[in-house]
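The values are calculated or read from the model by the stated rules, or taken from the named source; none is laboratory data. Given the structure is predicted, the values throughout are model-derived calculations rather than measurements. With ideal geometry, Cβ positions are generated from the backbone for all residues, glycine too; neighbour counts draw on all protein chains shown. Protein only, heavy atoms only, side chains kept; ligands, DNA and RNA dropped before computing areas. Shrake-Rupley method; radii C 1.70, N 1.55, O 1.52, S 1.80 Å.
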Amino acid sequence: MIGIFWYYLSCTVRNRTAHQLRRLSNPRYAVALLIGVGYFWLVIGRGLVRGDPDVSSQARADIGLMAQMVFTLFFAASIAKWWLFGGSRLALAFTPAEVQFLFPAPVARSQLILFKLLRSQFVALFSAGLLALWMSAGRGLAFPMRMISLWILFSTLGLHQLGATLVHESVTSAGGGRLAWRRNGLPIAIVVAAIAGVAWTLFGAREELRAAVQNQSLIHTLDAVLHRPIPRAALFPIHILFAPLRAGGVGEWFMATLPALALMIAHYPWVLWSDVAFEDAALDATAKRVARLAALRRRGAVQPVTGKKVSRAAFRLSPTGRPEVAIVWKNLTAFSRTLRTQTFVLLIVLLALVYVVATFAAGSADKARMVIGAVSLAWGGLLAVAGPMWIRNDLRQDLPQLEILRVWPLRGASIVAAELTASTIVLTVMQFAALLVGFLMFRGVPSETFTPAVRGWLAVFAVIFLPVLNAMAMTIHNGAALLFPAWVKLGSERPGGIEATGQGILTTVATSLTLAVMLIPPLLVGTAGAWVGSLALGRGGAALAVGAAAAAVVTGVEVGFLLRQLGVVFERTDPSAAGIGAGG
């Protein structure tokens, strides 16, 4: 069966590669590939050719130690999550074709698991190769040794996630019972004890860590704490996997690789021993995966996934009224149904964690609040720049259905305006939420920079100018999708590959430059308005508000002009000629 599986997987990789190469005859993909290769060369290739001579060996060792601790704790947290809350069910999912051909075949459960392991090796090897190139930088271990070490690391973690998912399915499934707990109780107890031991040790060393923050020796102190008996025993398997990457020579690397390889091989019988109906769990995970992908293709995950309750719409739509409102309602509903409760819970947990860490490090709740406030304000500013690329519940989602959009009894400008209104509202609400958290965190905290008056006028500026700025950015991105549909990602599909990265870079640069040029008139008018306001009202926040209002008016005029022009383009676009119709 290994030969059959290998033939199937090798043919899949070969055919996919041939398809990617044939696409290079299209200038769109050829240019995007060149940009993507250039980007990866700047990130990876330059470091491979020459290291940074300005970085001392001690600084490089500190960076390596810090990276090792960060990844150790990250992998430890991931493993704990897999055991306590279950791993991703996608670890069990097969493609529909694999289900159709492999499950009815005389293939044992162990052979199906082996097939998944073989399939995951292609991704693990590719990821290990890229990361090994980036880590090499002409120093340390040779590229093949780094790649083998990373491959062992990724393969072991992937196999452990699969095993933890099987154990979790066995214990929590309807068929689980005393037998499942009896067979899997020991590893669960070991994982829980390891988590508790590490947490207890870190809690007991809190004063040492706080002093280390003040003395700027946190890295070495935390490393010493993690090498105490209990954390060292709990994190011992992860240390084994990282040992080959820390080797200083070929002999040391070989001796460190043998235990890591043995740990990876030992996972295989453990996965097979897990008591779970693998076929049933895999079929269930595959069905949910197929339903989710089908819903995304139909309309941005608006269609409900089987077995899940459909969330209510953002607001109730009246049976009568302006038809543009129906388009806004549709796009807001599409966005609201893609949100997950876990996202908000994770955000709250992260904010609480930042607050605790900042309080611990600074020793003051006021400083911790300032840290959270600064992070929130920075996030609001980042949304102003990158938000239009992330939030796409607008024409970029609906343009593949251009044949349907064209038959709506609305002018083109009205359709384009209604399409981008929903994404503008979502982006503005997210920015206001981030800014509100920032302002609340700075409230009551003595600050010479963010005084109450400064915060108040900055809030006024944000309320006045941010909505029209977002409308301008969304207009440019939707206009790019309408004018150059071949160069913009449309719908819910997210193509991968180096050419997709290059295409994204090219689109981002073009839209950013366009936005910068379009903001020149509002900036000039806003500056003049602030100057006039300072003459009439005196220098201060009132003059800033006047300038923001003047800039907002000019930006609104530009948005209106662009919408009229894009409306004409929309009405004249032939879906079949553009290749973006429902059947394209």
- First measure r as the distance between the Cβ atoms of Ala459 and Ala224, then evaluate 1/(1 + (r/R0)^6) with R0 = 41 Å and state the FRET efficiency to the nearest 0.05. 0.35
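Contour minus end-to-end for Val532 and Leu9, with contour as 0.36 nm per residue of separation and end-to-end as the Cα-Cα distance?
In short, 181.3 nm is gained.
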- Query: Probe 1.4 Å, all protein chains in place: accessible area of Trp6 in Å², nearest 10?
  - Reply: 140 Å²
- Message: Given the whole protein assembly as supplied and a 1.4 Å probe, what does the accessible area of Asp223 come to in Å², nearest 10?
- Response: 40 Å²
- Task: Once you have the Cα-Cα distance between Ala199 and Thr338, take 0.36 nm times their residue separation minus that, and quote the gain in nm to one decimal.
- Result: 46.6 nm
- Query: Can you give the accessible area of Ile148, probe radius 1.4 Å, in Å² rounded to 10?
  - Reply: 70 Å²
- What length, rounded to one decimal in nm, is gained on full extension from Leu21 through to Val553, with 0.36 nm per residue of separation minus their alpha-carbon distance? 186.6 nm
